[in-house]
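Each remark here refers to the structure printed beneath this line.
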Number of protein chains: 2
Amino acid sequence: MAKNRSRLSIIPLGGVGEIGKNMTLYWYGNDMIIVDAGLKFPDEDMLGIDIVIPDITFLVENRDKIRGIFLTHGHEDHIGGLPYVLREINVPVYSTRLTLGLVEHKLREHGLNDSAKLIAIDGNSNIQIGDFTISAFYVNHSIPDTVGFAIETPEGVVIHTGDFKFDQTPVDGRQADVHKLAAWGAKGVLALVGDSTNAERPGYTPSELSVGAKIDEIIAQAPGRVIMSTFASNIHRLQLMIRAAEKYGRRVAVVGRSMVNNIQTSLQLGYLEAMPETLIDADDVNKLDPSKLVILSTGSQGEPMSALTRMARAAHRKIEIVPGDTVVLASSPIPGNEKYVARTIDQLFRAGANVIYRGVHASGHGSQEELKWMLQLVRPKYFLPVHGEFRMQRTHADLAIQLGVDPDHIFITELGDVVEFEDGRARLGGKVPAGTVMIDGLGVGDVGNIVLRDRKLLSQDGILVVVVTLSKATGHILSGPDIISRGFVYVRESEALLDEANKLVETTLAKLVSDNVSEWSSLKTAVRDTLGRYLFEQTRRRPMILPIIMEA
Amino acid sequence: MAKNRSRLSIIPLGGVGEIGKNMTLYWYGNDMIIVDAGLKFPDEDMLGIDIVIPDITFLVENRDKIRGIFLTHGHEDHIGGLPYVLREINVPVYSTRLTLGLVEHKLREHGLNDSAKLIAIDGNSNIQIGDFTISAFYVNHSIPDTVGFAIETPEGVVIHTGDFKFDQTPVDGRQADVHKLAAWGAKGVLALVGDSTNAERPGYTPSELSVGAKIDEIIAQAPGRVIMSTFASNIHRLQLMIRAAEKYGRRVAVVGRSMVNNIQTSLQLGYLEAMPETLIDADDVNKLDPSKLVILSTGSQGEPMSALTRMARAAHRKIEIVPGDTVVLASSPIPGNEKYVARTIDQLFRAGANVIYRGVHASGHGSQEELKWMLQLVRPKYFLPVHGEFRMQRTHADLAIQLGVDPDHIFITELGDVVEFEDGRARLGGKVPAGTVMIDGLGVGDVGNIVLRDRKLLSQDGILVVVVTLSKATGHILSGPDIISRGFVYVRESEALLDEANKLVETTLAKLVSDNVSEWSSLKTAVRDTLGRYLFEQTRRRPMILPIIMEA
């Protein structure tokens, strides 16, 4: 894999067979560029893990070839892994202004803002790197300033869509660059690397405009305060909320750290507009007539520490939910968050609010008809469905086949697959190291399967530590056994069980000693086995058992 | 609460503010009857817990008054808690034949089948108990032989719907007893206690007939084997699958313990029909032409140990997924199971199957229009929306208000609320002990908040056990400190960190000893605090720290 002369390789390092941590490597000759560097949130079996990023072993091995990182937009699943990549490979980062604004904020938190080289591009930029020419094109998505990339190579042009939808009536008035896409399609496109997130959804994704109408209606009719939550990065939707508030003479307060940050950045960079008097300090919300107020809040996913969730459980410092409040969850639950969202809604209802939690959302990803439009405009020779779990990639592939793409020209890739293009033909060319790196606190990759297995065991039935001191001289028990339990049973309720367990350890050890067994490993194994069997019989549980044998 | 003369009390002990563990107590004078005794599955924060049942403290306190348990149908959320109740209070259990067939099986597993008194009823039964007359009426649901109860009392009649939908074209031809409901409505109903599960869903729930048409179409068109999974208790749907298989000359094999059991019970009791040659042994599936075979399987919820999930990950003893297989998930994911279901679908696709996972399902619960029909037919004076989380109860209440029920006559109850009816008037009359009992293995209620908190901590960052032996004479360290870690870091990767931690504990103890501090509690607190702070600084993690100080 060391050489790659006159051959284009496309290597997904994240975002295939999964939702999240998007990252794709393009390699021609002696040059590599990376598109996106995302994170994803841990699966439910990754106990204690904070976030997950792509394994970048292959990038580190090839750091001398990497020329730049191109970001499609400012969502965490596209930029959240960037600090970890830049720490290993400091190359220029290219993206649109808003995306770089959000990136800067993130790099500052990681102490990397001084060393990073951020280069702003727009829909007219053409960046020349080695044999690559990279030009951005605008698409619609649930955050402004989202682009895809046309990557020209000696083998032909590759269209990398990034996350996209086609919104004919976007909030910022900037439609996707369909004419550019059509022009490339007319000239001939080697390959399309396309977002599969909504490939299972028939029809079209509604315009954000439809959400605006709903927001307007809610604010127009609300008798008191309106508390609206959505994704902190959905600047378009926040713009709609601010517009509607202004229309009905309401002031706007913003709560929740990430939303405050994003709104500040967007206002500064001109991606969000508000009249000078509209935005007020969150400390002043209780001074205003409730019917003159809209509160924008984080927490639309029921995140336990978010502003809305704290309000819902009456634990917010500044805002208390009262009857007469209208609370809007302008979002739909991300898979896995359903229960948290439901809990928040219930708590808000109990507190007396009128809760509107359906119908105030439109996805940022194109549905089947829009995916067909993209395929139709671009007319690619080869097709790589990415950004999706396997069934989404598979369904996206089926759409492409319906539109006439040769099934043999479609690559449903896994992480690290190398798709090679040479002399106009593509083939699957092996694999590079790729996968998942778990981040727990400050630790990057220091939690592996053994640690996770132990956490799983500990979480199910807890742990018993058995401490005993044996005489160096005779081998007999000098003190103990003492059993300390955590997460197993409530000790006061189970004294008899633990007393029995104690006696059992004692007789087990006594018997071994009288049989002249003295290797600690044998003693420990005996304690673990005997006690484990006894406890399973009595409780049908299997706590972790940690025998500690001392000598004195 | 000891006396209840000439007053009717309705007390929800489960199934309000939650989905699952349904249980309602009816009390008049000296007599109590219980409707349903369900379980629910643990929330995601109840680590290691197997199932959850209602707190029955109040029933145990009043065991001399309890005359019987009436079961509406055989689903776990209505019968799963029964063994735990019968162990404390052995009273007669009344239900339809199929429900009792499933109950018998369950009681056998708990060794209670000899002591239990099961009494079969049907849609014509009237059971007289004290001042109660209880008559069952048929409703439609996703398991046959489902009934609701009309409970006549001196205060008036209460209609307890249980889970229901109105299916005009049910698989077994038995429609809900709408004429009985209408007749009660005409005479006057004191209160309706109604299922709120689908209260958020507009329109009508489709008939099971529509699922049958889809199943027929899939089997007619499938080129090879068809593997169909659904809830093991959905006998109607299994009947549709068997019918379609027979129509197209296919044999049927059944895999998955619960489905095998349910199908046997249903065949024996006459709730399921199959031609004598249709059902074959699962051992024979590989002897048949794939196009002549349908396999019915558990696992439609992606349960990790179920038959379908094992097939999907190529770990099933008898059946391997091969290209050409058609796999049908005739279900929709229960909230919380979405990720498991998605994983199973992806694995099946990867194995080459054609997977059909949408559109082969109809809910067993009535949607808003059916809930309105029930309210309309029954015309209750009072209304208790039950079987649902708060927002579903709230939405169901709003439907009732739309239909003219007086808002002051609606009780959105919480667990243990007592709704009292006296002289034709109802009021909220206090609370009885009620709540949640967690079952972990054989332990009923022996896991409480402290144990769960420890499991949570252990699951996040693991545990460090610090062992040190001090001299009885001098207080100085004789051996150790030794640090044993489980679930914290992968030791081989973090030797330096643990070495440092070791030294820190040593110097901390040495300093205390030289300061003449010798109480073990002070020494332990110092170790826990110092080490905890150090590890948090270094790793941003907070493992549980268990100092063990010995003397010799």
How would A:Thr146, A:Thr197 line up from fewest to most surrounding beta-carbon atoms within 10 angstrom?
A:Thr197, A:Thr146
Between region A:210-253 and region A:170-202, how many Å separate their Cα centres?
30 Å
Could you put B:Leu13, A:Leu102 in order, starting from the residue whose Cβ has the fewest other Cβ atoms within 10 Å?
A:Leu102, B:Leu13
Taking every DSSP beta bridge that has both residues in the protein assembly as shown, what percent is antiparallel when rounded to the nearest 5?
50 percent
Just report the Cα centroid separation between region B:488-552 and region A:432-470, whole Å.
19 Å
Just add up the charged neighbours of B:Asn261: K/R +1, D/E -1, any other residue whose Cβ is under 14 Å from the Cβ of B:Asn261.
0
Within 10 Å of each Cβ of B:461-468, how many other protein chain Cβ atoms are there on average?
5
Fraction of alpha-carbon pairs in region B:98-219 farther than 19 Å apart, rounded to whole percent, equals 59 percent
Shortest first and in nm, the label-point separations between A:Lys524 and its counterparts in the other identical copies (7 Å out along Cα→Cβ) come to 2.3
Within region B:449-551, percent of DSSP bridges classed antiparallel, to nearest 5
45 percent
Neighbour-count ranking [beta-carbon atoms within 10 angstrom, fewest first] of B:His476, B:His316
B:His476, B:His316
Grab the other residues whose beta carbon is less than 14 angstrom from that of B:Asp216, score K and R as +1, D and E as -1, and report the net.
+2
In peptide A:469-475, how many Cβ atoms from other protein chains are near each Cβ within 10 Å, on average?
1
Semi-axes a, b, c in Å (a largest) for chain B, each sqrt of 5 times a Cα gyration tensor eigenvalue, come to 49, 36, 20
Placing +1 on each Lys and Arg Cβ and -1 on each Asp and Glu Cβ in chain A, then taking the dipole about the Cα centre, the residue among A:Pro12, A:Gly48, A:Phe383 whose Cα reaches farthest towards the positive end is A:Gly48
With 32 Å as the limit, write out which pairs from B:Lys21/B:Lys180; A:Lys214/B:Lys456; A:Lys117/A:Lys165; A:Lys247/B:Lys372 have Cα-Cα distances beyond it, or answer none.
A:Lys214/B:Lys456; A:Lys247/B:Lys372
About its Cα centre, how strong a charge dipole does region A:42-160 have in debye, to the nearest 20, once Lys and Arg get +1 and Asp and Glu get -1 at the Cβ?
560 debye
Among A:Pro304, A:Thr230, A:Val255, which residue has its Cα furthest toward the positive end of the charge dipole of region A:208-355, with +1 on Lys/Arg Cβ and -1 on Asp/Glu Cβ?
A:Pro304
What does the net charge come to around B:Ala186 if you take all other residues with beta carbon closer than 12 Å to its beta carbon, with K and R at +1 and D and E at -1?
+3
Subtracting the Cα-Cα distance of B:Ala183 and B:Ser291 from 0.36 nm times their residue separation yields 33.8 nm
Spacing of the two label points (7 Å from each Cα toward its C-beta) at B:Lys431 and A:Lys431, in nm:
5.6 nm
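Read the figures in this text as sums done on the coordinates, not as results from a lab. Model, not experiment: these values are computed from the prediction. All Cβ positions, glycine included, derive from the backbone under ideal geometry; neighbour counts span all protein chains shown.
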